[in-house]
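To keep things clear, I will list the structure first and then write my remarks on it.
We did not get these values from a lab; they are worked out from the coordinates using the rules stated. Remember, predicted model here, so these are calculated numbers, not experimental data. Neighbour counts are summed over all protein chains in view; Cβ atoms, including those assigned to glycine, are modelled from backbone coordinates with ideal geometry.
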Amino acid sequence: MANRASIEELGEGPQVPGPPPASQLILLATVHGDPAGYERAWRIFEQLRPEVITVEISRFSVHCRERAIRGWRRRLAEALRSLPPEAARSLAVSRVAAQAEVPFEYQAARDWGKSHNVAVKLLDSGAVARHHLPRYTKELLTAANLRCLGENGSTGTLEEFVAAEFRRARLAREGKLRPLPHVAEADDHRRERLWAKRLQRLVATGKRVVHLGGWEHLLPWPGGGGLLQLLEDLKPGIILLDEADQI
């Protein structure tokens, strides 16, 4: 079974004493859209000093997002001006706004990698992005869609949603949470097999690899399955991104 190590056990920096990780692969489990995600990822990189960073995103997705981001932001701002204030401030709309940005996982990996001369590898294929990203302008960021989401979505702030997701991730790490239906979909399994093969090749080079990805793909599920099982022979360590707050 994979190591379920805490950041205290895996850290190397002066703030968190302890031995270096036993595994050359650390899975850094994130919640997509975390407003504090960039800073949290940076602190963990500083502790672990990876030699390679991998991210659950494709090169196509990054290029597409970077080209489209100004248009998406403009369209989002226009749509928000047409909404009632309470709808514009809703959790659902906040999540859409975060979804339409370049993910913090990539930004943190890119920036830390540049400043420390560390390679950053993008593991995903472009298939999912090619299907979903073109729909952002036509569907996701329309005033009608945001109004519907704002009027019918969940309450609370994005920060509260992220904290609740990390609580769910801890239950999953303890084997106390069943996977959501979409985690078991065939497309996700194909993607996870691709990520596993690429991670295995990188670890085989002897370098310490830190992989950033959504927590539902990285933590163990009752009965096995998923990326963690595919990488079981590497005995990867697992850190939840919000454990950076302990540093």
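So which lysines can K207 reach, going by Cα to Cα under 20 Å and dropping same-chain residues fewer than 8 places off?
Excluding near neighbours in sequence, the set is K114, K121, K197, K235.
Output the 0 to 90 degree angle, nearest 10, between the alpha-carbon long axis of helix 104-116 and the longest principal axis computed from the alpha carbons of the chain.
The angle comes out at about 50 degrees.
Please determine, in degrees from 0 to 90 and to the nearest 10, the orientation of helix 59-81 with respect to the longest principal axis defined by the Cα atoms of the chain, where the helix direction is its Cα long axis.
That helix lies at roughly 40 degrees to the long axis.
Taking 0.36 nm per intervening residue step and subtracting the Cα-Cα distance, what contour gain separates Q200 from R74 on full extension?
41.3 nm
Averaged over every viewing direction, what's the projected area of the C-alpha convex hull for segment 63-110? Give it in nm², one decimal, please.
3.6
With only alpha-carbon atoms counted, please give the Rg and Dmax of segment 103-247, in Å.
17.4, 51
Could you state the per residue volume, in Å³, of the convex hull enclosing the Cα atoms of the chain?
About 128 Å³ per residue, rounded to a whole number.
With a point put 7 Å past each Cα toward its Cβ, work out how far K207 is from H116 in nm, to one decimal.
1.2
Note down the nm distance, to one decimal, between modelled labels 7 Å out along Cα→Cβ at A36 and at N145.
Between A36 and N145, the label points sit 3.0 nm apart.
Taking the mean number of other Cβ atoms within 10 Å as a proxy for protection, how do you rank 43-56, 131-144, 202-215 from highest to lowest?
Most protected by this proxy first, the peptides run 43-56, 202-215, 131-144.
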